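*Asks:* If you scroll down you'll find the structure; I have some questions about it.
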2 protein chains.
Amino acid sequence: MRVLGVDPGLTRCGVGVVEGIAGRPLTMLGVGVVRTPADVDLSHRLLAVEQGIEEWLDEHRPEFVAVERVFSQHNVRTVMGTAQASAVAMLCAARRGIPVALHTPSEVKAAVTGTGRADKAQVGAMVTRLLRLSAPPRPADAADALALAICHIWRAPAQNRLQQAVARHTLNATKGRTA
Amino acid sequence: MRVLGVDPGLTRCGVGVVEGIAGRPLTMLGVGVVRTPADVDLSHRLLAVEQGIEEWLDEHRPEFVAVERVFSQHNVRTVMGTAQASAVAMLCAARRGIPVALHTPSEVKAAVTGTGRADKAQVGAMVTRLLRLSAPPRPADAADALALAICHIWRAPAQNRLQQAVARHTLNATKGRTA
């Protein structure tokens, strides 16, 4: 299973691709950050996020996209941008018929460290160990994107296959091919 | 000047197209609502919003898109979906090099009714009068989209032309044509 994890953000959108199956060693295929300049207007920042995500989808052809679920109780000043960047990532995946899964930050932390209250350093250290990297990925957004992908691989593989079938069906119905 | 107003939402996204210039009678070219079913997953709802907005852009070829600015202090349960739907509308416009303007609800109310605290009925009544319609557009999201477009036409026409030039330049730079 190949998963693109996305830690959404307008200034820095973390992206990481992990391949593997639950219970076996995992492989990192790529990690990075899509950045957009703060002095450009919002619509063009969203366009830059779209172009960045499209490049990652083109290069790695993931079977799933795992996006961090955004909560509005977080920092009010940044949460709108985060929600909007996550919308762009979800849209890019849906357009290609790739199923999207949302995981909360605590689900991701619990999956990779065993505790939902782990800090950034713990998440980075576990991602480094699980993917057998020589150093923790920088910045933290990149490590978080990998953690999202790992979390997704480890959660309910059977459910994932079901979701994949549903996503394909929904896409076809939306396009009016089968509806 | 032809403006597509968008009152963003996942369940109902109001859209309305108004043509005219400040100080002259305005003409409504179209009004409607893009709806997405609540039982479909979020990524496919965003895809349906994108398809709906694309159809309105194809049909009416607006020179500007005016979107309601979303604030996080509003209803927490719906604000994330509203932010995400607005991101899709902005993205569709930016892709075509159409400048996007954000107006707050109180700016829109003040523009069409003279007071930033007008209620839905007052906004609907003024939109009906200004566009010489036989009845207020339903639902309220559709009337709000028309009010956004009117607000945009009435605000700083010179500034709009500048923004249009900047948007074209930014799009070209993003595409790597001129950068």
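*Asks:* For B:Ala142, all conditions in the list (1) more than 14 Å from B:Leu26 (Cβ to Cβ); (2) hydrophobic (A, V, I, L, M, F, W, C); (3) touching a strand residue (DSSP E or B) at 6+ places or on another chain (Cβ under 9 Å); (4) not in a helix (DSSP H, G or I) hold save one; what is the number of the exception?
*Replies:* So the condition that B:Ala142 fails would be (4).
*Asks:* Further question: Taking the conditions exactly as written (under 16 Å from the mean Cα position of the chain (by Cα), of a type outside the set (Gly, Ala, Ser) and within 13 Å of chain B (Cβ to nearest Cβ)), does A:Val88 satisfy them or not?
*Replies:* yes
Rundown of residues vs (1) more than 18 Å from B:Ser43 (Cβ to Cβ); (2) of a type outside the set (Gly, Ala, Ser), yes/no style:
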| site | (1), (2) |
| --- | --- |
| A:Thr36 | yes, yes |
| A:His44 | yes, yes |
| A:Arg61 | no, yes |
| A:Gln84 | no, yes |
| A:Ala87 | no, no |
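*Asks:* Restricting to the stretch B:80-98, give me the number of residues that are in contact with a strand residue (DSSP E or B) (Cβ under 7 Å, 6 or more places away or on another chain) and surrounded by fewer than 24 Cβ atoms within 10 Å (Cβ to Cβ).
*Replies:* Residues flagged as in contact with a strand residue (DSSP E or B) (Cβ under 7 Å, 6 or more places away or on another chain) and surrounded by fewer than 24 Cβ atoms within 10 Å (Cβ to Cβ) within the stretch B:80-98 amount to 1.
*Asks:* Do you know which residues across the stretch A:113-135 are of a type in the set (A, V, I, L, M), modelled with pLDDT of 95 or more and in a helix (DSSP H, G or I)?
*Replies:* Those that are of a type in the set (A, V, I, L, M), modelled with pLDDT of 95 or more and in a helix (DSSP H, G or I): A:Val123, A:Ala125, A:Met126, A:Val127, A:Leu130.
*Asks:* Follow-up. Take the residues of the stretch A:3-12 that are within 14 Å of another protein chain (Cβ to nearest Cβ) and touching a Ser or Thr at 6+ places or on another chain (Cβ under 8 Å): which is nearest to A:Val65 (Cα to Cα)?
*Replies:* Among residues in the stretch A:3-12 that are within 14 Å of another protein chain (Cβ to nearest Cβ) and touching a Ser or Thr at 6+ places or on another chain (Cβ under 8 Å), the one nearest to A:Val65 (Cα to Cα) is A:Val6.
*Asks:* Output the residues belonging to the stretch B:19-37 that are within 14 Å of chain A (Cβ to nearest Cβ) and exposed (fewer than 14 other Cβ atoms within 10 Å of the Cβ).
*Replies:* Result: B:Pro37, single match.
*Asks:* So how many residues does the stretch A:1-18 have that are crowded, with 24+ Cβ neighbours inside 10 Å and charged (D, E, K, R)?
*Replies:* Here the count works out to 1.
*Asks:* Quickly run through the stretch A:154-179 and pick out the residues that are β-branched (Val, Ile, Thr) and either part of a loop (DSSP other than H, G, I, E, B) or modelled with pLDDT of 95 or more (or both).
*Replies:* A:Thr178
*Asks:* Is it true that some residue in the stretch A:45-56 is surrounded by fewer than 21 Cβ atoms within 10 Å (Cβ to Cβ), within 23 Å of A:Val18 (Cα to Cα), more than 9 Å from chain B (Cβ to nearest Cβ) and of a type in the set (A, V, I, L, M)?
*Replies:* No: the stretch A:45-56 contains no residue that is surrounded by fewer than 21 Cβ atoms within 10 Å (Cβ to Cβ), within 23 Å of A:Val18 (Cα to Cα), more than 9 Å from chain B (Cβ to nearest Cβ) and of a type in the set (A, V, I, L, M).
*Asks:* For the stretch B:63-81, name all the residues that are facing chain A (nearest Cβ under 9 Å) and touching a residue at least 24 places away in the same chain (Cβ under 8 Å).
*Replies:* B:Val65, B:Val67, B:Val70, B:Phe71, B:Gly81
*Asks:* Kindly provide the set of residues from the stretch A:103-136 that are surrounded by fewer than 18 Cβ atoms within 10 Å (Cβ to Cβ) and within 14 Å of another protein chain (Cβ to nearest Cβ), ordered by number.
*Replies:* Across the stretch A:103-136, the qualifying residue is only A:Thr104.
*Asks:* State whether one or more residues within the stretch B:67-78 are touching an Asp or Glu at 6+ places or on another chain (Cβ under 9 Å) and assigned to a helix (DSSP H, G or I).
*Replies:* no
*Asks:* Check B:Ala87 against each of (1) more than 18 Å from B:Val17 (Cβ to Cβ); (2) in contact with a Lys or Arg (Cβ under 7 Å, 6 or more places away or on another chain); (3) assigned to a helix (DSSP H, G or I) and name the one condition it does not meet.
*Replies:* (2)
*Asks:* On to the next question. Working only within the stretch A:72-96, note down all residues that are among the aliphatic types (A, V, I, L, M) and at pLDDT 90 or above.
*Replies:* A:Ala83, A:Ala85, A:Ala87, A:Val88, A:Ala89, A:Met90, A:Leu91, A:Ala93, A:Ala94 - these are the residues of the stretch A:72-96 that are among the aliphatic types (A, V, I, L, M) and at pLDDT 90 or above.
*Asks:* When you go through (1) more than 9 Å from chain A (Cβ to nearest Cβ); (2) free of Cβ contacts under 8 Å to residues at least 40 places away in the same chain; (3) outside any helix (DSSP H, G or I) one by one for B:Glu59, which number turns out not to apply?
*Replies:* Here B:Glu59 clears every test but (3).
The values are calculated or read from the model by the stated rules, or taken from the named source; none is laboratory data. Just so we're clear, the structure is a prediction, and the values are computed from it rather than from any experiment. Glycine also receives a Cβ, built like all others from the backbone with ideal geometry; neighbour counts cover every protein chain displayed.
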